[in-house]
Structures are given as structure tokens and as C-alpha cells.
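Here the structure comes first, spelled out in C-alpha cells, and everything after it is commentary.
The values are calculated or read from the model by the stated rules, or taken from the named source; none is laboratory data. This is a predicted model, so every value here is computed, not measured. Ideal geometry is used to build each Cβ from the backbone, glycine not excepted, and the neighbour counts take in all protein chains shown.
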Amino acid sequence: MTYLISAEVLAVEGRERAAAAALRDLGFRILHGGGTISVSGPKELWERTFGTTGNGRREIPAELAGLVRDVYVVEPPEFF
Amino acid sequence: MVTVTDNQENRVHFEAVVRSESGASVFEGTAAAQASVLERLAPPDGRAADAAAELQAIGFTIRHIGTYSVSGECDRGLWESTFGTVVEPHTRALHGQPGDEADESDQVTFLSHVPDVPFTVPERLSSLVERAYPQRPPVFFGSPIPPPLPYFHLRVPDDVALILRATAVHQHGVTGRGVLVAMTDTGFYRHPFYAAHGYQYQATLAPDATRVEHDEYGHGTAEAANIFAAARDIDFVGVKMGANPVLAFKTASDLHPAVLTNSWGFHLPGLSELPNYLKPLELAVLEAVRERGITVCFSAGNGHVAFPAMLPDVIAVGGVHARPAPGGTGFDLQASDYASSFDSLIYPGRHVPDVCGLVGMRPHAIYIALPVEPGDVIDRSLSGNDQTGADDGWAVISGTSAAAPQIAGVCALLKQAQPGLSPDLVKALLKASALDVVHGTSAMGEPAGEGHDGATGAGLVDADAAYRLARSIRTRNLLDLPSPR
């Protein structure tokens, strides 16, 4: 069973389309654009690309340099 | 033991009908049982037990001996050899409506007879058993009407509409018609409640969600009924959430609804800065309100320090509990001790809630009878507390999850009356017209009191008073005058 991780990617202003294309080329699934880009991908892909799967310190890889400012892994909410 | 959801590809579960004493048969025409006196169909004393004993001697497992039939099960091979027949597997959905396509996880396989293949009751059983049939799993569907319950609770739509004074607005012909209201939640099952009331209730998926016709948890299906209580003629779309709540919110926002309601959030006690992982959600909410003009409601939380309710741009909805006043005149109102109230440290000056909807009291806020998908998590887990069945498609719940959609419905009434109202103006109207609540304390222990207070904010939303304010407002042209925002 593949363990998928979802995240919101904050692109460099004006480079949103290029960022989405680069993420897609790396193997991420692009789910939605907007102020941030919604993506998902297997755990292994996250680790290979960013060196981590959490919200801690991560490296932006060369393929995304100048395109991506930050990546935020999402968490499930509580239903009230 | 098996459950109804287990696949049964090699096991026959059957009912064997015991021969009657009179010779009358339940199979004589389609209405035999209705037309006949039941006594005529009854077997003589002991015959059902004799039938069971004989079936058991052949090798069948007997589960129950009833008045008219014996329940049992056996392997497929024994069934076919005993009765000289053939059965075959069939697959179909347990839930949903006719014509629904179900995915694999909702399908169940069972054995049933092949049409036109002979079936013969063997001689050793023929004096005892008239016929025998493999049984198939039922389709689960809830009643459009909640079950009778022996304690005080509210029903949708009428009780909620009455207490929020939405009924009075409906009498002016303002029912939310032409207003699109969206909601993000766990799913939106097509419960018969919605069809029976003629509601425009649609569901769609966030791009990472599946099974649009189901709500495995039950939360969204239940809480959506609160919106219709306040605004019965809205166009509703529920966005089923997958793993990413931001994605669900953005999907709903992209539909440009007039109102977007959300009964969920994140508990951030003691934090003075928003965690990074919630910043995309913050952006998406701000875009919806500020750039798209969507009125966004969020539940204040049930003792939670809830984000995004704490965002100043949204309408944060807390809870007030209403009970009939002694003597039958009106309602006694008090702050719900189940609902949140707090000052945000992340957004200084921001207090939650802005206004309140109807919420129950501790310990479980069992208060409003709401439709759920039969047998889902809420239906099963609450049945011990709310005295509804574990798979009857109804649960008595509330929390601020119920309050936010109620107020979203009132917002829809205002948007019908005045489509140009900005989100800030909608909030201002709700606050200016709310019913003051002076008793009780919130889950955080803040007391209610005269005027705006910590526990209830401006108080319980009064739909009629809000509507009377809204209908008189003339929204200004931004080029001519300062915006009312």
C-alpha cells in the first residue's frame, strides 16, 4: 500500500505555473492551484525530493530553486 | 459469525418456511399474508422444531426457530445437493439509491437461486418444510423522519427554524432561493430526509476524495440539515474532504458560493503564532472572503481554541442552548457549556465567537436529531447515548458543528434579500440583530451577560431581526462612497 502525503506548496510570486510543472515533472500529483499549490505524492518521493516528510527543516532541491518558497505538509482537522 | 458486509460466496443463509396446519400457504399470491388470517398460516405446535431437527440432521446449522420459519445456514454444496438446485453469487451495494454505482468496499456478495433452475424439497423434509430460500442482504436506507425519543431534543427543520426565527423570514418569501451555499465536510450521503423535503442537496468530491455517494463518518450528512432548517430553498453543494482540508476548502471556494460553511478546525491552545502548516489554509480563507466576497462561517469549537474560527475575516459561530420556558412562553436561553469562547493570541483583539447558533450542553451535546448514513461511525458510536438505533440513519448530536451551518443558512437568507452584502456587512448585521443571552457559561468558563459577552459574543442569531436590517440597506457604489466594509 502506497503511503501518500499531501501538502500545500507556496510558489515564488509569478512562478506558480512553472512551479506546478516542475513538481509534476518530479512525480508529484498536482491537485489544485491557487494561492498555494495542492500536491500529493508517495512518502518515498517526498523523502527523495526534500529529505523529509514532516514540516521541519527541509532543503528546496535544485529543480525547484527559484520556483518554490516553502512547502507545508497538511494535517487532518478536528470536526466540531 | 459474520456481518452483513461480509462477502458470502460459499455460504447460504436461508429461511425454511414451515408447513401450516391448515394447508394454507403464504405463497398463494402476492398478498397471501395480508389477505389471510395469520393463524391459518401457523404450523401446528412442534412442527417448526421438528423441521429444525430434521434440517440439523441433514447437516444444516440452525440459528433460530420461529413461528413460521426456521433460520439457518449451510455450505453451498449441501444446499445444492439437498434441494437439487443451483445457486450463484450476486454482488450489489449495501447503501445508496437504486441505480447507484458502488465501489468495491461498499459491495457485498451473496448466493441466491438461479432463475428457472429446479428446486425440490426432499421427501424427508416435505411434510415439515414448504419451501426454503437463500436470504440476501438488505439495502440500508434511513427514514426521512427521525425516531421518537423520550427526552427533550430539537428536530430539523421546524424546531431549529423556529428558535432561530427563520420561520418568520420564510413567511416573507425569503427562503434562500437562488443562493448557493457550500460546505466542506466528511461526506454527503443522499439521506431520504433531503429528498423527502425537496431540498436541493448535491455533493461533489475534493480532488483527493473518493466515494461521493457516501459519508463513512456521517458528520457532513448530519450537519448539512442545519443549513436547510434556516434556508430551505438554497442550492447546496457539499464538498467531501479527502486527506487535505485546504484542498477541500479551495474546491468549495472555486465554486464561488455566496456562503461557505465549515464545521471543523484545528486546536491551537496557547499559540501566539500560526503554525506554518496552517498558512495555506489561512491564505485560502482570506482569498475566499476578501477577493471572492464569499461569506465564510467556521465553528468556534467545542472547547477548542479553534483555527480558522479565530481568523477575523470569518464568522465564528459559538453555541447557545434553548429550552422551552416553563409555562410555555418562549424559550430559556443560556450559553452552551459545550461551545468554545476565547481571545485569540494569534490575532490580537479577535474574540471568538461572533454570534451563536443552537448547541446542546455537556457532557455530549445530545440535542438535535440529524440524518446520518445508516450504520456509519456516528450512527453506531452514538446509539448508546442518544437512544437511536445503531443503523437507523439518525443521530442526536450538536456541537458548534451544528451551529455554523445554521448561521450559514441565515446568511443565505440575507444574501437572497441583498445579494450585494459584503462578508463583513453580513457579519455586522448578524451581530447587530442578535438576541442577547445573559445566562450560562461557555466551555471555557466565560460567563454570558448583558450586551456582548465572552461566552456568546453578540448572542443567538435572530434571523428575522437580521433580515429586517438587511432588507433596508442600500449597498454603495465603491466609486461614489466609502464601502460599508
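Summary of values
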read-out: Subset of segment B:249-266 that is part of a strand (DSSP E or B) and within 10 Å of chain A (Cβ to nearest Cβ) - its residue that is surrounded by the fewest Cβ atoms within 10 Å (Cβ to Cβ); value: B:Phe266
read-out: Residues of segment A:1-41 that turn out to be small (Gly, Ala, Ser) and more than 13 Å from chain B (Cβ to nearest Cβ), as a count; value: 7
read-out: Any hit, segment B:192-205, residues being in contact (Cβ under 8 Å) with a residue 24 or more places away in the chain, assigned by TED's automatic domain parsing to the domain that holds B:Pro280 and more than 27 Å from B:Ala463 (Cβ to Cβ); value: yes
read-out: Exclusive hit being within 27 Å of B:Tyr217 (Cα to Cα) and either touching a His at 6+ places or on another chain (Cβ under 8 Å) or not in a strand (DSSP E or B) (or both), set A:Ser6, A:Ser38; value: A:Ser38
read-out: Failed item, numbered, when B:Lys431 is tested on (1) more than 27 Å from B:Tyr194 (Cβ to Cβ); (2) free of Cβ contacts under 8 Å to residues at least 40 places away in the same chain; (3) not in a loop (DSSP other than H, G, I, E, B); value: (2)
read-out: Which listed residue is out of contact with any helix residue (DSSP H, G or I) (no Cβ under 6 Å at 6 or more places or on another chain) and surrounded by fewer than 21 Cβ atoms within 10 Å (Cβ to Cβ), from B:Gly393, B:Gly451, B:Gly399; value: B:Gly451
read-out: Some residue of segment B:199-221 being in a strand (DSSP E or B), out of contact with any Asp or Glu (no Cβ under 9 Å at 6 or more places or on another chain) and within 14 Å of another protein chain (Cβ to nearest Cβ); value: yes
read-out: Where B:Arg350 falls short, out of the listed (1) more than 22 Å from B:Phe193 (Cα to Cα); (2) crowded, with 24+ Cβ neighbours inside 10 Å; value: (2)
read-out: Sole residue being charged (D, E, K, R), within 14 Å of another protein chain (Cβ to nearest Cβ) and within 21 Å of the chain's Cα centre (by Cα), chosen from B:Asp392, B:Asp376; value: B:Asp376
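One line per residue, one yes/no per condition, for (1) crowded, with 19+ Cβ neighbours inside 10 Å; (2) touching a helix residue (DSSP H, G or I) at 6+ places or on another chain (Cβ under 9 Å):
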{"residue": "A:Tyr3", "(1), (2)": "no, yes"}
{"residue": "A:Ser6", "(1), (2)": "yes, yes"}
{"residue": "A:Val12", "(1), (2)": "no, yes"}
{"residue": "A:Ala22", "(1), (2)": "yes, yes"}
{"residue": "A:Asp25", "(1), (2)": "no, yes"}
{"residue": "A:Ile30", "(1), (2)": "no, yes"}
{"residue": "A:Gly33", "(1), (2)": "no, yes"}
{"residue": "A:Thr36", "(1), (2)": "yes, yes"}
{"residue": "A:Trp46", "(1), (2)": "yes, no"}
